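Notes follow the structure.
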Amino acid sequence: MSDTTATTKTATPPATKSVGAPSRTERLRRPRTYAVLIGSLLLLVLPFYLDRFWLQAGLFAMAAAIGAIGLNMLTGATGQLSMGHAFFLAVGAYGYCVLAGESGTENGHTLTGLGLPTWLAAILAVLLAGAAGGAFSPIAGRLRGAYLGIATLALIFIGQHVLFNAGSLTGGYNGRSVPPLSLFGFTFDDTELLVAAVPFGSSEKLWYLGLAALLLSALFARGVLRGRPGRAMNAIRDHRIAAGVMGVPVARYRAGVFVLSSMYAGLAGVLLALVFQRTVPEYFGMILSLEYLAMIVIGGLGSVAGAVVGAFFVSLLPQVLTHYSDSLPLVSAPGTGGLAPGEASRYLYGAAVVAVVLFLPGGLARLGLALPRVTRPKRTGVTRPKKTGEKK
């Protein structure tokens, strides 16, 4: 009898679902996803229902959020204290006015303007702010802590002197008007445009431009902070010497982040100029720089969401107090003898800074992490048991 060899089949183990990032379907079912979608839809329809006051307040908050994101990358993520953020906002705002404006006479000043296309002037104004940051970057790359803060504070004094005295560029104390932005043949001015029977003016048109600018700025900063540059920036902030030993070019990263933060401030300055339609030198002072520091501390250092939340809190608070000053206790209109809305707002977000430092070091953006979350149990590598009658 011939020998027969029994062949045995090797049973392959069933594929197990890896434990790690949730699937796309699970991510779409999260409450956070629904909240983002509802919030995005609400922001898109707000110009159809809000009046000009609230639209301008929202645009002002968007511009502040863009500038705060840049400062948070510099101060929160890299640990470089900057007191001169308002200087770079002024460079962006006035750079756009000079590049896009026409030469002429206004308020007794002979103004200089290059008359470039407004979309090109906006891009060049942001690059001009970055160039100003690049000129200061050798100092920023070598100083740190309070020394860098004092050095950047000098930019405020220099900027205020130039803004008030360079009348041909800035218009002096009264400032100069801002040319409306034109993009792809569409002008963001007060010419009414009917959309679904709703008249759209400059504020309504700029609303969507501000949303797009804020979204792109936040996504870019998020990518930077979550990538290799962000890890290097955090290493420099936590331990500068150890970061240098690991091969991180500390001075180069510090200088580069300073330039990037200046460009964010320049973009915020351009948007502010378009919203207010006039630039005034007094606005770009030390108080504005302190407000930006308050934004990132209240919202959360080193976080893009924290910069946005803090910017909306600090920038909208004076607007709300001003709008409802008649019905709020202890707050009255400016010049009536009571507590002015601007002063009351500074007291409130000053108290908010102290409260955040003492009780919520992560800022307002960390409040969402403290809330309980309903999550599904994680899948393990255990295989599903076989049903009765199922082939092996």
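State which residue is modelled with the lowest pLDDT when the search covers only the range 109-143 and only residues that are open to solvent by 70 Å² or more (accessible area, probe 1.4 Å) and over 17 Å from H85 (Cβ atoms).
Selected residue: R142.
Any residue in the range 277-295 that is β-branched (V, I, T) sitting within a Cβ distance under 6 Å of a residue that is part of a helix (DSSP H, G or I) and open to solvent by 30 Å² or more (accessible area, probe 1.4 Å)? List the pairs, counting only those 6 or more apart or interchain.
Final answer for the pair search is none.
Sort out which residues of the range 187-211 are open to solvent by 20 Å² or more (accessible area, probe 1.4 Å), at pLDDT below 85 and either assigned to a helix (DSSP H, G or I) or aliphatic (A, V, I, L, M) (or both), and write them in order of number.
L193, L194, V195, A196, A197, V198
Given the conditions (1) at pLDDT 85 or above; (2) of a type in the set (G, A, S); (3) buried (at least 21 other Cβ atoms within 10 Å of the Cβ), and given that A365 satisfies all but one, which numbered condition is not satisfied?
(1)
Please verify whether the range 78-88 includes one or more residues that are open to solvent by less than 10 Å² (accessible area, probe 1.4 Å), within 20 Å of L215 (Cβ to Cβ), touching a residue at least 60 places away in the same chain (Cβ under 8 Å) and among the β-branched types (V, I, T).
The answer is no; no qualifying residue exists.
Is it the case that some residue within the range 94-102 is open to solvent by less than 40 Å² (accessible area, probe 1.4 Å), part of a helix (DSSP H, G or I) and free of Cβ contacts under 8 Å to residues at least 60 places away in the same chain?
Yes; the residues of the range 94-102 include at least one that is open to solvent by less than 40 Å² (accessible area, probe 1.4 Å), part of a helix (DSSP H, G or I) and free of Cβ contacts under 8 Å to residues at least 60 places away in the same chain.
Considering each residue of the range 112-124, count those that are within 25 Å of F60 (Cβ to Cβ) and in contact (Cβ under 8 Å) with a residue 24 or more places away in the chain, and give that number.
Counting residues in the range 112-124 that are within 25 Å of F60 (Cβ to Cβ) and in contact (Cβ under 8 Å) with a residue 24 or more places away in the chain gives 5.
Go through the range 249-276 residue by residue and tally those that are in a helix (DSSP H, G or I) and either free of Cβ contacts under 8 Å to residues at least 40 places away in the same chain or among the β-branched types (V, I, T) (or both).
Residues meeting the conditions: 5.
Considering (1) in a helix (DSSP H, G or I); (2) open to solvent by 30 Å² or more (accessible area, probe 1.4 Å); (3) free of Cβ contacts under 8 Å to residues at least 60 places away in the same chain, say which one L321 fails and leave the rest.
Going through the list (1) in a helix (DSSP H, G or I); (2) open to solvent by 30 Å² or more (accessible area, probe 1.4 Å); (3) free of Cβ contacts under 8 Å to residues at least 60 places away in the same chain, L321 breaks only (2).
More than 13 Å from the chain's Cα centre (by Cα), modelled with pLDDT of 90 or more and small (G, A, S) - does that describe any residue in the range 212-223?
Yes, the range 212-223 contains at least one residue that is more than 13 Å from the chain's Cα centre (by Cα), modelled with pLDDT of 90 or more and small (G, A, S).
Does the range 303-312 contain at least one residue that is open to solvent by 20 Å² or more (accessible area, probe 1.4 Å) and under 13 Å from L74 (Cα atoms)?
yes
If I filter the range 287-296 for residues that are hydroxyl-bearing (S, T, Y), modelled with pLDDT under 80 and open to solvent by less than 40 Å² (accessible area, probe 1.4 Å), do I get at least one hit?
No, the range 287-296 has no match at all.
How many residues are part of a helix (DSSP H, G or I), surrounded by fewer than 12 Cβ atoms within 10 Å (Cβ to Cβ) and of a type outside the set (V, I, T) when one looks only at the range 228-248?
3
Hey, can you tell me all the residues within the range 331-352 that are open to solvent by 40 Å² or more (accessible area, probe 1.4 Å) and at pLDDT 70 or above?
Answer for the range 331-352, where residues must be open to solvent by 40 Å² or more (accessible area, probe 1.4 Å) and at pLDDT 70 or above: L339, E343, R346, Y347, L348, A351.
Restricting the search to the range 156-186, which residues are free of Cβ contacts under 8 Å to residues at least 12 places away in the same chain and open to solvent by less than 60 Å² (accessible area, probe 1.4 Å)?
If the condition is that a residue be free of Cβ contacts under 8 Å to residues at least 12 places away in the same chain and open to solvent by less than 60 Å² (accessible area, probe 1.4 Å), then A166 is the only one that fits.
Quick check on G130: is it in a helix (DSSP H, G or I) and either small (G, A, S) or at negative phi (or both)?
It is true that G130 is in a helix (DSSP H, G or I) and either small (G, A, S) or at negative phi (or both).
Would you mind telling me which numbered condition in (1) at pLDDT below 75; (2) over 30 Å from L219 (Cα atoms); (3) surrounded by fewer than 16 Cβ atoms within 10 Å (Cβ to Cβ); (4) not aromatic (F, W, Y) R373 fails?
It is condition (2) that R373 fails.
The values are calculated or read from the model by the stated rules, or taken from the named source; none is laboratory data. Every value quoted in this text rests on a predicted model; they were computed, and no experiment measured them. Ideal geometry is used to build each Cβ from the backbone, glycine not excepted, and the neighbour counts take in all protein chains shown. For accessibility, only protein heavy atoms count, side chains too; no ligands or nucleic acids. Shrake-Rupley method; radii C 1.70, N 1.55, O 1.52, S 1.80 Å.
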